[in-house]
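Where a number appears in this text, it was derived from the coordinates with a stated rule and is not lab data. The model shown is predicted, which means the values in this text are computed figures rather than measured ones. Here the Cβ is made from the backbone with ideal geometry for all residues, glycine too, and neighbour counts use every protein chain on show.
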């Protein structure tokens, strides 16, 4: 049953990641992967929020592992960072790593804080 919840969440998260990435990237005429950064930061915030709630195993499987797992993408982050470095945009590659780590951690922390404030 848990595996089905993960799959259901992923079935929504993966297309949303693709569509969000394309929409954000289309607004920026730049080599920097703004779309991937956006989905990774949003997913980190949501996962931080969920982790701070007294959510059950089913909710975490559906939304945490399934939805957030498919929404965020470490492999694309790695690929785009290496591609930037290989094409000579080394500064952008370093900025992508720094922005992804700092913004992802900050978003996760903010998500947790928001959940705690809302829970009272």
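Give me the residue from the range 59-108 that is outside any helix (DSSP H, G or I) and in contact with a helix residue (DSSP H, G or I) (Cβ under 7 Å, 6 or more places away or on another chain) and, out of that set, nearest to residue 44 (Cα to Cα).
Here is the first cut: in the range 59-108, the residues outside any helix (DSSP H, G or I) are 72-73, 87-89.
Those still in the list that are in contact with a helix residue (DSSP H, G or I) (Cβ under 7 Å, 6 or more places away or on another chain) too: 72-73.
On the way: 72: 8, 73: 11 Å.
Per the criteria, the residue is 72.
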Original post:
In this structure, is residue 30 over 26 Å from residue 115 (Cβ atoms), loosely packed, with under 14 Cβ neighbours inside 10 Å and within 16 Å of the chain's Cα centre (by Cα)?
Top reply: no
Original post:
Which residue pairs have Cβ atoms closer than 7 Å, lie 6 or more positions apart in sequence or on different chains, and pair a first residue in the range 11-34 that is touching a residue at least 60 places away in the same chain (Cβ under 8 Å) and at negative phi with a second residue that is crowded, with 16+ Cβ neighbours inside 10 Å and not in a loop (DSSP other than H, G, I, E, B)?
Top reply: 31/84; 31/92; 32/92; 32/96; 33/80; 33/96
**OP:** From (1) crowded, with 17+ Cβ neighbours inside 10 Å; (2) within 10 Å of the chain's Cα centre (by Cα), pick out the condition that doesn't hold for residue 74.
**Re:** (1)
**OP:** Would you point out the residue of the range 37-60, among those that are buried (at least 17 other Cβ atoms within 10 Å of the Cβ) and free of Cβ contacts under 8 Å to residues at least 24 places away in the same chain, that is farthest from the chain's Cα centre (by Cα)?
**Re:** 60
**OP:** Take residue 119 and decide whether it is surrounded by fewer than 19 Cβ atoms within 10 Å (Cβ to Cβ), out of contact with any helix residue (DSSP H, G or I) (no Cβ under 8 Å at 6 or more places or on another chain), within 30 Å of residue 1 (Cβ to Cβ) and in contact (Cβ under 8 Å) with a residue 40 or more places away in the chain.
**Re:** yes
